[in-house]
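*Asks:* Quick one: structure below, then a few questions.
Computed from the coordinates by the stated procedures, all read-outs in this text should not be read as laboratory data. Quantities reported herein were computed from a predicted structural model and do not represent experimental measurements. So basically every Cβ, Gly included, is an ideal-geometry build from the backbone, and we count neighbours across all protein chains shown.
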Amino acid sequence: MLQRERHVRTQVQQIADACMFAVSFWLAFVVRSQPAIHNWFGLPPVGTDAFDQVVWLYFALVPAAPLVLESQGFYNRPMMGSRISMFWPLLKGCFILCIGLVLLLFIFKQTNPVPRGVVVIFGVISFLLVWLKEELLRLVLKSRVAKAQYKRNVIIAAAGNEVIRLRRMVQAAAADSAVIVAEFNLAETPLPQLIELLHEHSVSGVLLSTRHTQLERVEGVIHLCETEGVEAWLVADFFTTHVARASMDEMFNQPLIVFRSTPENSWQVFAKLFIDFFGSLLLILVTAPLMLLIALLIKCTTPGPVFFRQQRSGLNGTPFNIFKFRTMATNAEQFKHELAAMNEMTGPVFKVTNDPRITPVGKWLRKYSLDELPQFFNVLRGEMSLVGPRPLPVDEVKRFNDLAHRRRLSVKPGLTCLWQVQGRNKISDFKEWVRLDLEYIDNWSIWLDLVILFRTIPAVFAGTGAK
């Protein structure tokens, strides 16, 4: 299935699912209000106007429901895929929405009109309704009428091993929506034979692939399809990439093939910006008394400034000033070269356990990562993110001996990242550090960010902070 068709199908699915969740929220109140529920479980009755008091939640619930399901990959699975591929994303999505409802009710102090049982019932009903919709859709798609309308006849036009590769690709990814009715040898078969195939098989599209040498023939096939009113799908794999994903775009009315190895702009990217801004703002307000206390402690115990500023490499290597509470003596940088032999990290990064330059207060701050609190201001200013590869000093980035390591600069640096919750101080090989950073970039999602944030909390309280 072409991406635009998949996009339309996904939008229809999202609208249907949003309606399912909206109905589920109302049904949860109806079920909880039944006298039988009160009697069986010994629960207090629900007020007659309880639903009216929280109907405003629909403004958050209806748009959030399909977005949460999308973040779990619910809409990326094949239409006729296994039931387990639908079960887990749906279960996680319903759980996240229930947690979100609880947080909203708590923030806006609406816990009294909404009994706790309503949220649980909502989660169960929404899961069952969406599951039932998926099962009905599966039955419809298996019918003869649906197969006749949905499946498209496709001709593969390529040369050599490309024919085999394309056939396998279609059978693996689009077997439920495309039928290969013929294969056309792009290098040897005359074009008039393609005309006969188009007429004979009632073809919807021709899937093309070329390896540089048959571009003229490809152009001829495209012109022929244009004349016949048949779609031509050219596989744009002229260049081999290892990580980058190709996508189509347009600039100044000129079609472009974009090779991208970083997360593509989507609602998740904007959601990350939203979480970074409001999350850092909230954390600044919450930790302000603690930061004031730490500042006074540093000022009273050691001479010198409270804050430490250093040039770090940000997005695409752009330098910025990072803020930290000072944990070392004021002349620490002057003695760094004397400790070079004690460096415990391979590569350009400098890490030393029990660094003699660290002050007594600084040692305690580092143990619980409290020296990092001022970086909330870096996040608020847009220089950093709550989750992302840790920013390295500019001079260390300049010493990268592998250009592939610079790909960790393709996203905003963060307060915490995958290597901190998986390895933290156990990692001494810079290549392993970079590998985890690139793994985060290649698999990024809002859900992964939330998982890392939640896993960072026990790591911090356990005192396994930075060296």
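*Asks:* Mind checking the dipole of the stretch 267-461: about its Cα centre, +1 per Lys or Arg Cβ, -1 per Asp or Glu Cβ, Debye to the nearest 20?
*Replies:* 240 debye
*Asks:* Amide H to amide H under 5 Å from residue 328: which residues, 5+ apart in sequence or cross-chain, H placed 1.01 Å off N in plane?
*Replies:* 359
*Asks:* If you don't mind, another one. Classify the stretch 151-238 as rounded, prolate or oblate from the Cα gyration tensor: take a ≥ b ≥ c as the square roots of its eigenvalues, call it rounded if a/c is under 1.5, otherwise prolate when a/b beats b/c and oblate if not.
*Replies:* oblate
*Asks:* Sequence gap at least 6, Cα distance under 8 Å: using those rules, report the relative contact order of the stretch 267-461 to the nearest whole percent. The partial results should precede the final answer.
*Replies:* Numbers: 253 pairs, mean separation 46.8, N = 195.
Relative contact order, the stretch 267-461: 24 percent.
*Asks:* Pulled fully out, how much extra length does the chain show between residue 7 and residue 181, if you take 0.36 nm times their separation in residues and subtract their Cα-Cα distance?
*Replies:* 60.1 nm
*Asks:* Using R₀ = 22 Å, calculate the FRET efficiency as 1/(1 + (r/R₀)^6) where r is the Cβ-Cβ separation of residue 189 and residue 226; round to 0.05. Working shown, then result.
*Replies:* On the way: r = 19 Å, r/R0 = 0.87.
Computed FRET efficiency for residue 189 and residue 226 comes out at 0.70.
*Asks:* Then there's this: Between residue 124 and residue 286, with labels modelled 7 Å along Cα→Cβ, what's the label distance in nm to one decimal, could you check?
*Replies:* Placing both labels 7 Å beyond Cα along the Cβ direction yields 3.1 nm.
*Asks:* Residue farthest toward the positive end of the dipole of the stretch 267-461, with Cβ of Lys/Arg at +1 and Asp/Glu at -1: which of 281, 304, 384?
*Replies:* Final value for the positive-end residue is 304.
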